[in-house]
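S.K.: Let me give you the structure first, and then I'll get to my questions.
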Amino acid sequence: MSAATTPMTHRRPPTGRIGRTVPIAATIIRLWLLWRWLRMKRQIFGHEAMREATHQFHRGAALAVVRRAIRQQGLIIKTCQFLGSRADVLMDEYVRTLSLVHDQVPPRPWAEMRPVIERELGMPLMEAYAEFDVRPIAAASLAQVYRARMHDGTLVAVKVQYPGIEDTVRWDLDVIDMLAQIWARLETVIDFRPIAQEMRRNAPEEVDFIHEGRAAENVARLLADRDDVVVPKIYWERSSRRVLTMDFIDGVKITDVDRLKSLGVDTAQVAATLIDLFNTMILKYGVFHADPHPGNLFVLPGVPGQPAKIALVDFGLTKIIPEEFRAQLIVLTSAIVAQRPELVTDTMTDMGFRTRDEDPETYNALGEAFLGDVLRSGKAYADQEMVAEVNERLGRVLRGNPLVDVPGDVILIARVMGLLSGLGKTLDSRTDLLAALIPYLDPDAEAAS
């Protein structure tokens with residue numbers, strides 16, 4: 001164990017349903033009112049005259065959200081991590097600022113964390129590990145990670161859940177539900193309620209490290225024939241529901257482009273590997289890491305001249321989709337690629353999509369927004385201009401015929417695609433997305449009637 005710790009200032013996050021609700025709700029409502037006021041001024045004075053004021057607003061809004069998220073922690077941090085990864089959709093002010101939460105989550109004091117380890121493992125710390133550095137190497141939304149060494153000399157990472165995090169997650173889910181309901185009454189283009197429902201379904205697994213460890217082993221087994229991906233080994237004798245011990249990954253954060261380039265890594269190749277890796281997980285196996293934000297993806301440069309490897313960590317949100325749904329997803333993707341509107345409509349209804357009026361135009365607009373537009377654009381990711389055009393077109397369709405039900409698995413897959421698109425932009429991807437997809441599609445499905 002390290003002889004000393006680095007002193008850190010730590011402010012305890014608010015607790016209780018009211019304590020978790022009031023601060024974040026007040027921040028979001030205040031920013032929404034300011035944005036509505038700015039929109040009115042833009043209509044009066046013109047967009048060009050208000051350009052600088054608009055940028056100033058977004059910079060201030062992003063900073064306000066980050067400050068609130070760091071104070072709140074819990075699932076609010078996860079939300080910012082997701083948004084900060086969407087370089088393809090959000091303005092630079094938000095991407096640069098929201099991405100700070102990957103590195104600036106304040107760690108909990110060692111005095112709070114040590115009892116969790118010893119209680120969960122049922123033994124004193126130095127009996128469990130030969131060495132243990134009490135300075136955390138990472139602090140995330142639900143847990144923080146330490147470097148340690150097993151008695152046989154193996155270097156490991158030890159992930160420790162924050163005390164009381166299960167209560168915090170439950171309160172945050174209530175906050176997110178409430179805000180999604182309020183948003184649905186104020187804005188009609190995007191409905192966040194299905195996303196809130198999916199978060200509630202997945203939350204119990206994210207705070208169960210036994211589930212996470214088994215998910216990591218399952219993904220490692222499925223990808224065992226690939227030499228371009230690394231999944232850390234789990235050490236079950238030093239793991240429990242709230243403590244997870246695994247191989248230590250000494251890699252470079254996937255969004256640290258300057259360092260990657262200084263090490264001779266081809267970032268476009270990394271992006272291509274990432275896309276193929278998730279195509280394999282989702283379309284071939286129906287088992288995928290559903291939280292690929294930059295804090296969970298590392299690059300291992302390896303031997304000069306050899307392609308870099310990607311390391312996946314944090315399998316708390318790992319999704320297994322039923323075989324029938326995986327087959328339907330392949331048919332839907334094939335139909336979108338082949339521009340078969342009847343097949344798109346039939347497959348989406350079979351998968352569980354429902355709109356107020358069963359209008360094929362709505363399903364085809366969803367299919368194009370989901371995948372078709374970016375595939376036919378010739379671009380490696382959906383940039384801000386494309387997303388704005390898609391959202392405007394989709395918004396017109398959905399205002400006339402809104403969605404009333406969306407399969408939860410599709411929400412997660414769309415979230416993963418969004419994260420990968422944002423990473424593609426950051427890594428300067430040059431991948432031909434259509435060519436990358438074709439090996440995983442079923443030719444018979446394209447020809448199906």
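S.K.: Quick one: S429, S240, S421, fewest Cβ neighbours within 10 Å first, how do they rank? The partial results should precede the final answer.
M.R.: Working: S429 23, S240 18, S421 26.
Fewest to most other Cβ atoms nearby, the residues stand as S240, S429, S421.
S.K.: Oh, and also: Which FRET efficiency, nearest 0.05, do M150 and E205 yield, Cβ-Cβ r, R0 22 Å? Write out the running numbers ahead of the final one.
M.R.: Numbers: r = 27 Å, r/R0 = 1.21.
Once the sixth-power term is evaluated, E becomes 0.25.
S.K.: Among K159/K233; K253/K284; K253/K309; K261/K284, which pairs are too far apart, with a Cα-Cα distance over 22 Å?
M.R.: Too far apart for the 22 Å limit: K253/K284; K261/K284.
S.K.: Moving on. Within the chain, what's the longest run with no trypsin sites (Lys or Arg not before Pro) in a DSSP loop and at most 12 other beta-carbon atoms within 10 Å? Give the range, please.
M.R.: Working: sites that count: R11, R356.
Answer - 12-355.
S.K.: Can you give me the angle between helix 17-45 and the longest principal axis of the chain, using Cα atoms only, in degrees from 0 to 90, rounded to the nearest 10?
M.R.: Roughly 40 degrees between the two axes.
S.K.: Next question, about the same structure. Hey, rough spin-label estimate for R185 and H47, points 7 angstrom out along Cα→Cβ, what's it come to in nanometres?
M.R.: 3.1
S.K.: Nearest 10 degrees is fine. How inclined is helix 209-222 to the longest principal axis of the chain, computing both from alpha carbons?
M.R.: 70
S.K.: Along the charge dipole of the chain, Cβ charges K/R +1 and D/E -1, which of A272, L375, L125 sits furthest on the positive end?
M.R.: Farthest towards the positive pole: L125.
S.K.: Any chance you could check the Cα centroid distance between the stretch 147-165 and the stretch 175-249 for me, in angstrom?
M.R.: Centre-to-centre distance over Cα atoms comes out at 19 Å.
S.K.: For every helix of n ≥ 4 consecutive DSSP H residues, a contribution of -39,500 (n - 2.57) applies; sum these over the chain, divide by its total residues, and give [θ] at 222 nm rounded to the nearest 500 deg cm²/dmol. Please list the in-between numbers first.
M.R.: On the way: 19 runs with 239 residues, N = 449.
Mean residue ellipticity at 222 nm (helix-derived): -16500 deg cm²/dmol.
S.K.: Oh, and also: Once Lys and Arg get +1 and Asp and Glu get -1 on their Cβ, which of V331, P301, T355 lies farthest toward the positive end of the dipole of the stretch 252-449?
M.R.: Final value for the positive-end residue is P301.
S.K.: Counting other Cβ atoms within 10 Å, keep those with at most 14, restrict to DSSP loop, and tell me which GluC sites (Glu not before Pro) in the stretch 296-373 are left. Walk me through the intermediate numbers first.
M.R.: Details: sites: E323, E324, E342, E358, E361, E368; in loops: E358.
Listed in order of number, the matching sites are E358.
S.K.: Taking the Cα atoms only, what angle lies between the long axis of helix 110-121 and the longest principal axis of the chain, rounded to 10 degrees?
M.R.: Between helix and principal axis, roughly 90 degrees.
Bear in mind that the values in this text are calculations on the coordinates, not laboratory data. Only a predicted model underlies this, so the values are computations on that prediction, with no experimental measurement involved. Cβ atoms come from the backbone with ideal geometry, glycine included; neighbour counts cover every protein chain shown.
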